[in-house]
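Data block below; observations after.
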Amino acid sequence: MEIPFAESWKIKMVEPITKSTREQREEWIKEVGYNVFGLRSDQVYIDCLTDSGTGAMSDRQWAAMMTGDESYAGARSFFELKDAIEKITGFKYVIPTHQGRAAENVLFSALVKEGDYVPGNSHFDTTKGHIEFRKAHAVDCTIDDAKDTQKELPFKGNVDPKKLEKVIQEHGDKVPFVIMTITNNTAGGEPVSMANLREVRRICDKYGKRVIFDSARFAENAYFIKTREDGYADKTIKEICREMFALADGMTMSAKKDGLVNMGGFIATRWEDWYEAAKAFVIPFEGYLTYGGMNGRDMAALAVGLIENTEFDNLHTRIHQLTLLASLLDEYGVPYQRPVGGHAIFIDALKVLPQIPKEEFPAQTLTIELYKEAGIRGCEIGFLLADRDPETRQNRFDGNDFVRLCIPRRVYTDNHIRVIAAALKNVYDRRDEIKRGMEIVWEAELMRHFTVRLKPAAE
Ligand code: F0G
């Protein structure tokens, strides 16, 4: 008999989670205006809101925390972190920050000017926010196929080189750098191939441009290169990481994802001029150069997390849970962005609830149904999140309307995954009974999905 696959870790500490009844959940979700961000965590049974800062640290990371050095300047923990980053990326200049968006804030303060154009593959919201806040433009050059949720492509997070080159040609000096997000969160946690990263490098070299990787999920990207791209099967994850980062000039990092810590981030680069420019902003915004918003103990734990999460077994255990969820949804016929990505499954709400008009937010409707069904908290990545067009104030209905279910790292077992799949099946099987969607009661002008209040749309 073939020995079945099992986790590459065992559990040393557990945290109780709370079950509830459908009646309780109906009451709770109504109280918070049908917005899952308003729920208390003990009103949630399985929390798939995000994979950011929600992972479990290993015993070695907790041990490293005890040895953290809290010196204001020159802390030993900083040098441990710097060494780990240099080992994985080859970048010798490192600036810690309190999380990923802080790394963007510091680096973009130095690099992005009003009127600039920053092309890339589906900038994450905060990345886009930090570009637009500086009155510059984030230009999404992701391949068109990424929008077709049923199309199976191994590297659906790729940039379209033609689109990228066109932006650089059109805006020349106004392009301060190109940013590649690995993996591409917005497109569904879809990876970018080494060939695509190489092509981006080639184009950038041709026009004298530098490349930044938004590296929040870089290790998951390396896993997909190893398992899907020709020529990489026999390379280690660390070798693949070195090869990826050799194609970049610098990185911003949200360590809350592939760093396996609950809070933290950093900037790393090979260029002294970028380091010097960023230095001027990290001190006033974040903190002194050798801690920049992080505790010494947190830097120590991150140094260990980076090394652990660039081991194949750890990544394989994680991505196996996504593959398991996807295979169950295939069995039940629930449509999602195919193939499943590295950190989350994105349910295609427009295909599940075609009877709900876009004005009634199908993905938000499905998010609420899933919560009521089994206490599972997903997150709408769709028309609510897309906000209104700043000029016309019309809702933006041109993108996908997804329910994102993130799987935190090393937190849930395969049994929890089966619960998520069963709950989705139940909602999917009674989808025709869902006749109405949601209506906005109150919304903020920007980033409304965090605080919007809704009610069931009137019959
Ligand atoms: N870049 C990517 C690709 C991200 O997914 C995130 C965060 C950030 C940057 C910002 O990092 O949160 O540490 O400031 N993504 C989280 C999510 C919030 O749920 O996808 P941060």
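Taking label positions 7 Å along the Cα-Cβ direction at both Glu132 and Gln169, the computed distance is 2.8 nm, reported to one decimal.
Rounded to the nearest 20, the Cβ-based charge dipole of segment 1-140 about its Cα centre (Lys and Arg +1, Asp and Glu -1) stands at 260 debye.
The fraction of accessible area contributed by carbon and sulfur in segment 378-459 is 50 percent, rounded to a whole number (1.4 Å probe; ligands and nucleic acids excluded). Any chance you could give the angle, 0 to 90 degrees and rounded to 10, that helix 312-332 forms with the longest Cα principal axis of the chain? Helix 312-332 and the main axis of the chain meet at about 30 degrees.
Partner aspartates and glutamates whose Cα lies under 12 Å from the Cα of Lys425, excluding those fewer than 8 positions away in the same chain, are identified as Asp330, Glu331, Glu369, Glu373.
Each helix, a run of at least 4 DSSP H residues, gives -39500 (n - 2.57); summed and divided by the residues of the chain, these come to -12000 deg cm²/dmol at 222 nm. Pairs exceeding 25 Å between alpha-carbon atoms, taken from Lys92/Lys128; Lys128/Lys256; Lys135/Lys256: Lys92/Lys128; Lys135/Lys256.
Please identify which residues in segment 143-168 have an amide N closer than 17 Å to a label point set 7 Å out from the Cα of Arg228, following the Cα→Cβ vector. Answer for segment 143-168: 143-161.
Of the residues Gln321, Thr97, Gly341, the one whose Cα sits farthest towards the positive end of the charge dipole of the chain is Thr97 (charges of +1 on Lys and Arg Cβ, -1 on Asp and Glu Cβ, taken about the Cα centre). For Lys12, the aspartates and glutamates whose Cα falls under 13 Å of its own Cα, not counting residues fewer than eight places away in the same chain, are Asp59.
Can you say what percent of the DSSP beta bridges in the chain, counting only those with both residues inside, are antiparallel? Round to 5. Here the share of antiparallel DSSP bridges comes out near 65 percent.
Counting only protein heavy atoms and using a 1.4 Å probe, what share of the accessible area of segment 19-83 belongs to carbon plus sulfur, as a whole percent? Please report the intermediate quantities before stating the final value.
Numbers: 1830 of 3520 Å².
Percent of accessible area from carbon and sulfur atoms in segment 19-83: 52.
Protein heavy-atom accessible surface, 1.4 Å probe, per residue over segment 1-55: 72 Å². Placing a pseudo-label 7 Å from each Cα along the Cα-to-Cβ vector at Ile11 and Lys455 gives an inter-label distance of 4.2 nm.
With K and R counted +1 and D and E -1, the other residues having a Cβ less than 11 Å from that of His123 yield a net charge of -4. Compared with the alpha-carbon gap, the fully stretched path from Ala73 to Ser20 is longer by 14.3 nm at 0.36 nm per residue.
Ligands, DNA and RNA left out, the 1.4 Å accessible surface of segment 126-173 is 51% carbon and sulfur atoms.
Which whole-number value in Å² is the accessible area per residue of segment 179-251, probe 1.4 Å?
Working: 2210 Å² over 73 residues.
Per-residue value: 30 Å².
Taking the Cα centre of the chain as origin, sum charge times position over the Cβ atoms of Lys and Arg (+1) and Asp and Glu (-1), and report the length of that vector in debye to the nearest 20. Don't skip to the answer; put the middle values down first.
Values: 62 positive and 71 negative charges, 60 e Å.
Roughly 280 debye, rounded to the nearest 20.
At 0.36 nm per residue, and after removing the present C-alpha to C-alpha distance, how many nm does the segment from Ala422 to Glu359 gain when stretched out fully?
Details: separation 63, 0.36 × 63 = 22.68 nm, distance 2.83 nm.
Length difference between fully extended and current span is 19.8 nm.
Computed about the Cα centre, the dipole magnitude for segment 334-459 is approximately 500 debye when only Lys and Arg (+1) and Asp and Glu (-1) carry charge, each at its Cβ.
The values are calculated or read from the model by the stated rules, or taken from the named source; none is laboratory data. What you are looking at is a predicted structure, and each value in this text was computed from that prediction instead of being measured. Here Cβ is always computed from backbone atoms with ideal geometry, including for glycine, and neighbour counts include all displayed protein chains. We work out accessible area using only protein heavy atoms, side chains counted, and drop any ligands, DNA or RNA first. Shrake-Rupley method; radii C 1.70, N 1.55, O 1.52, S 1.80 Å.
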